[in-house]
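Structure first, commentary second.
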Protein chains: 2
Amino acid sequence: MRHPPEQKSRSREKLVRASASLAKQQGFAGSGVDALVSAAGFTSGAFYRHFEGKDELLSSIVETELEATRARFSTLEPRNEEQLLLALDAYLSLAHVRHPEAGCVLPPLASEVGRAPHETKKVFERALSELMAVLSEKVGDSSAAFALLNQCVGAVMIARGLATDNAKHEVLAAARQSVRASLASLRMRPPPQGTF
Amino acid sequence: MRHPPEQKSRSREKLVRASASLAKQQGFAGSGVDALVSAAGFTSGAFYRHFEGKDELLSSIVETELEATRARFSTLEPRNEEQLLLALDAYLSLAHVRHPEAGCVLPPLASEVGRAPHETKKVFERALSELMAVLSEKVGDSSAAFALLNQCVGAVMIARGLATDNAKHEVLAAARQSVRASLASLRMRPPPQGTF
DNA sequence: GTCTATATTACGATAGAC
DNA sequence: GTCTATCGTAATATAGAC
């Protein structure tokens with residue numbers, strides 16, 4: 001967000017994608033710049049030709065990752081409950097809990113955005129609003145879409161902190177059940193904007 | 001959890017409580033040991049007489065903080081929907097979002113537990129299960145209690161990453177609405193274990 | 001038990017060669 | 001654009017005085 005008319009270089013993209021995986025795994029504050037860039041096969045000297053500093057990298061990671069999440073939900077049909085449940089069940093799976101590096105950016109990094117510079121929060125807010133626009137369309141209700149996101153993100157984050165698979169499963173199963181109940185109650189209470 | 005029969009010293013307690021506030025504000029990985037202990041008025045030399053290392057401090061913070069959260073919910077009457085809603089609305093408030101240092105440990109630090117040693121996760125799992133035992137009693141349904149926790153934790157964490165109050169409010173309002181819907185559907189579907 | 005001082009390593013960032 | 005080398009700082013942890 002620092003270089004408005006910039007043509008995103010191939011190296012910069014590679015840097016963002018590789019460092020995103022590492023940051024989702026080890027945390028952003030917990031990963032040094034050297035480790036972050038060498039995950040993409042570069043050294044720190046190259047990094048600072050693409051980014052003003054570490055802060056700008058977090059902005060780019062968040063933006064790119066939320067856009068990727070948005071893209072995945074974009075393929076669903078609007079208000080197709082079956083499709084939506086399939087996607088949410090995948091989100092609320094043990095596989096997702098076990099592989100943060102390949103998963104959604106929100107459970108591992110949202111709390112770090114809360115401590116980041118205001119510039120990063122602005123990027124986060126914009127990218128999240130675009131994700132929520134898509135999710136709201138698929139769910140059919142904006143408030144319900146936010147609540148589904150909160151539920152899913154909270155469940156995966158908490159499950160990752162637990163020691164045993166039994167406990168992880170308990171949290172995930174509760175979330176899946178809650179998601180089903182939310183969608184079912186939405187089904188009974190049809191569209192807020194009557195199109196008749 | 002390293003010193004099983006230990007009598008927790010006054011200094012150790014002070015160290016844990018003060019460093020918990022700082023860690024909730026700045027992150028645990030983002031806070032140096034010096035900053036953590038000087039928040040309690042000590043220097044790092046004293047710290048290592050009480051803890052084996054930084055990892056053990058995180059375990060203690062998580063344990064102490066989850067116990068504090070448990071204590072706050074313990075005062076509620078079981079299945080008193082009005083009381084419960086009051087507590088959840090306070091959790092889902094802008095004040096809570098704005099003051100992580102005084103708030104629940106889960107939104108700011110749960111993701112760090114996910115990257116912590118297994119020992120820390122065991123402490124987390126035990127302390128969380130005690131919290132959930134209390135919360136389940138107040139809610140009247142264990143699975144619903146987990147879902148309420150997921151919802152609240154996710155909402156506060158995401159709200160903290162947003163730039164504007166409008167956006168924060170949107171996330172919190174959606175969570176409060178979802179919480180109300182969950183409790184209402186629980187009200188209609190009475191106790192699973194029929195006491196007749 | 002706590003402090004001061006310090007060893008050692010890691011971090012964020014820059015300089016200069018290529 | 002990228003690398004190597006490095007500067008200055010801050011990190012985790014320890015030693016030894018009190």
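The values are calculated or read from the model by the stated rules, or taken from the named source; none is laboratory data. As the structure is a computational prediction, the values presented were derived from the model and not from experiment. Cβ coordinates were reconstructed from backbone atoms using ideal geometry, including for glycine residues, and neighbour counts include every protein chain displayed. Areas reflect the complete protein model, heavy atoms only, side chains present, ligands, DNA and RNA absent. Shrake-Rupley method; radii C 1.70, N 1.55, O 1.52, S 1.80 Å.
Things to note:
- The label-point distance for A:Glu130 and A:Gln177, in a model that sets each label 7 Å from Cα toward Cβ, rounds to 3.8 nm.
- Label-to-label distance, B:Asp89 versus A:Ser93, with points set 7 angstrom from Cα along the beta-carbon direction: 4.0 nm.
- Leaving ligands and nucleic acids aside, the A/B contact buries around 3300 square angstrom of accessible area in total at a 1.4 Å probe radius.
- When you filter the GluC sites (Glu not before Pro) in the range A:44-133 for DSSP loop state and at most 13 other Cβ atoms inside 10 Å of their Cβ, you are left with A:Glu52.
- Only protein heavy atoms count here; under a 1.4 Å probe, B:Thr64 has an accessible surface of about 40 Å².
- Accessible surface of the protein assembly as shown, 1.4 Å probe, proportion on carbon and sulfur as whole %: 53
- Length gained on full extension, A:Glu67 to A:Glu137: 23.6 nm, using 0.36 nm per residue less the C-alpha separation.
- Loop-located trypsin sites (Lys or Arg not before Pro) in the range A:1-85, at most 15 other Cβ atoms within 10 Å (DSSP): A:Arg2, A:Lys8
- Residue-averaged [θ]222 nm for chain B, counting only DSSP H segments that reach four residues, each worth -39500 (n - 2.57): -23000 deg cm²/dmol
- The accessible-area ordering, largest first, of the residues B:Arg180, A:Arg187 stands as A:Arg187, B:Arg180, per a 1.4 angstrom probe.
- Cβ-placed point charges (K, R +1; D, E -1), dipole of the protein assembly as shown about Cα centre in debye, nearest 20: 40
- Remark: relative contact order (the range A:19-139) = 40 percent; criterion is Cα-Cα distance under 8 angstrom and separation of 6 or more residues.
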